[in-house]
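What follows is a single structure, written as C-alpha cells, with notes after it.
The values are calculated or read from the model by the stated rules, or taken from the named source; none is laboratory data. Computed from a predicted model, the values in this text were never measured in an experiment. Please note: Cβ atoms are built from the backbone with ideal geometry, for glycine as well, and neighbour counts cover all protein chains shown.
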Amino acid sequence: MDKIIIRGGQRLSGTVPVSGAKNAALTLLPCALLTDEPVTLRNLPRLADIDGFQHLLNQFGISTSIAGARPEDFGRVMTLQATRLTSTVAPYDLVRKMRASILVLGPLLARAGEATVSLPGGCAIGNRPIDLHLKALEAMGARIELAAGYVRAIAPDGGLPGGTYSFPLVSVGATENAVMAAVLARGTSVLHNAAREPEIVDLCNMLAAMGAQIEGIGTSDLTIHGAERLHGATYMVMPDRIEAGSYACAAAITGGDVTLTGARIEEMEATVQALRDAGVVVEAVKGGLRVASDGDLRPVTLTTAPYPGLATDMQAQLMAMLTLAKGSSVLTETIFENRYMHVPELNRMGARIETKGRTAIVHGVERLTGAEVMATDLRASMSLVIAGLVAEGETQVHRLYHLDRGYERLEEKFARLGADVERVGND
C-alpha cells in the first residue's frame, strides 16, 4: 500500500488548478439513470470514488466512455448512456466502500419504478443514517422495505405520484435523492428545509439542463414539477470548494502565496471568513482565488454547520492550520459525532489538541515535528498532509486510499507549489 512522504519546511507558492468537485460529481453521475439519452460530464475529477461509482453504474447496464483523457491532464470527460436498464440492484460489494452509492436509490426508483440498494459504507466519521432519504421517498408515494442489509423502494403502478416533505433537519444526501426521484414523478413535489449547498445547486442546474422543472434553486424550498421524460445534456462539474479550501489552509500554514485557478470565492464564504479571521489574505482574482500568509496565524473560534455555514469537510484542515496559531482556538463539530479521529495523529506531530465531546481546543504550539501517522478518513488525511508540510523533519502518511477518494493527484499539485512531497510504495 502506498504512503506519502513529506519533508516539511517549504513555503508554498505558485498556481495550481482546482479540480472538479467530488461531492458534486458523485451527485451528477446518477443523473444518467434518468434518461436513455447520452449524458456527458466535463471536468470530472480522477478519483477512486468516481471510478467506484462508474463501476456501480455499469452494474445497471449504463455504458461509459472517456474522451480526450491524457495522463498529464487533470480531470476527464465522461459520457454515460442508460439506453436500457439491465438491473435495479446495487449490490453490497460495490456499495460498501462508498456512502454516495445511496444516491442511485432515487433515480432508479423514478426511472424503473423500483430499486434495491445495499446499505452504504464510506468514512467512519459517525452515524449517518438514511432515514431521511427513505421518509422523503415515502412522502412521494414510494413503498419502502428493509431486509438483510438492503433497502428496497417500490413506486406505485404508473410511477411516483409526488408529494410534500419537510426535512426535520438539513440533509444534503437526502435532498439530492429526493430531487432526483421527483423530476420524473407524475405530479408536483415540494421539499421544505432542503439543503442549499452549492453541490445541490449544481445538481438542480444539471437536471434543468436535462429538461427538469425545478423552482427555488439555491433556496431551502424546492418545487419540482415532474416531467414525462428527460433528455441528455453536456454539463461542466463545478470546482471543488473543499479542495480549494484545503490548499488554502496549506498555503496559510506555510506562509505561502498561492493562486487557486477555478476556485469560486462566493461558494466558500464561510471558509474564506475563517481564514481571514486567522490573519490570512484571501482575495478573488481573475479566474480564481489568491491566498497569502506570513505564517503569523491568529486563533479563531469555529463551528461547523449546514451551508452557508462552515462545512464539516473543512474542519480537519482548519484544525491542522490552527496548530501553529498564537493562542488557543475552539472548534465545535455539529454535523458528525466522531470526526476528531485525526486529533491523536496531529498530537503525535507535536500539536496540543484536547477534545471534550464535540468541541476541540487547539492550543497553538511553536513547531510541529515529522512522524509516521495514519489517515483515518478522507479529510483527516489532508489535515495530516497540511501539518506535514510545515513539520520539522519527515512525515509519513499511511492509508492513502482515503486521500485518493477525494484529492486528485495531490502530490503532483503540491510539487507544483514547491512542496517536497512524494508517493512511494510500502516495503
Residues of the range 202-212 satisfying the condition of being without any contact (Cβ under 8 Å) to a residue 24 or more places away in the chain and at negative phi: 208
Among the candidates 253, 200, residue that is crowded, with 16+ Cβ neighbours inside 10 Å and over 16 Å from residue 311 (Cα atoms): 253
Strands (runs of 3 or more DSSP E) lying entirely in the range 1-112 (those with 2 or more residues that are closer than 30 Å to residue 255 by Cα and touching a residue at least 24 places away in the same chain (Cβ under 8 Å)): 2-7, 13-17
Residue 230 vs. criteria touching a Gly at 6+ places or on another chain (Cβ under 6 Å) and either buried (at least 21 other Cβ atoms within 10 Å of the Cβ) or in a strand (DSSP E or B) (or both): yes
Qualifying positions in the range 378-427 - surrounded by 24 or more Cβ atoms within 10 Å (Cβ to Cβ) and either of a type in the set (D, E, K, R) or outside the structural domain of residue 13 (by TED's automatic domain parsing) (or both): 379
Flag if residue 388 is in a loop (DSSP other than H, G, I, E, B) and modelled with pLDDT of 95 or more: no
Sole residue being over 20 Å from residue 24 (Cβ atoms) and touching a helix residue (DSSP H, G or I) at 6+ places or on another chain (Cβ under 9 Å), chosen from 203, 207, 230, 169: 169
Sole residue being over 13 Å from the mean Cα position of the chain (by Cα) and surrounded by fewer than 24 Cβ atoms within 10 Å (Cβ to Cβ), chosen from 49, 36: 36
Residue list for the range 139-164, filter: closer than 17 Å to residue 223 by Cα and surrounded by fewer than 22 Cβ atoms within 10 Å (Cβ to Cβ): 139, 141, 161, 162, 163, 164
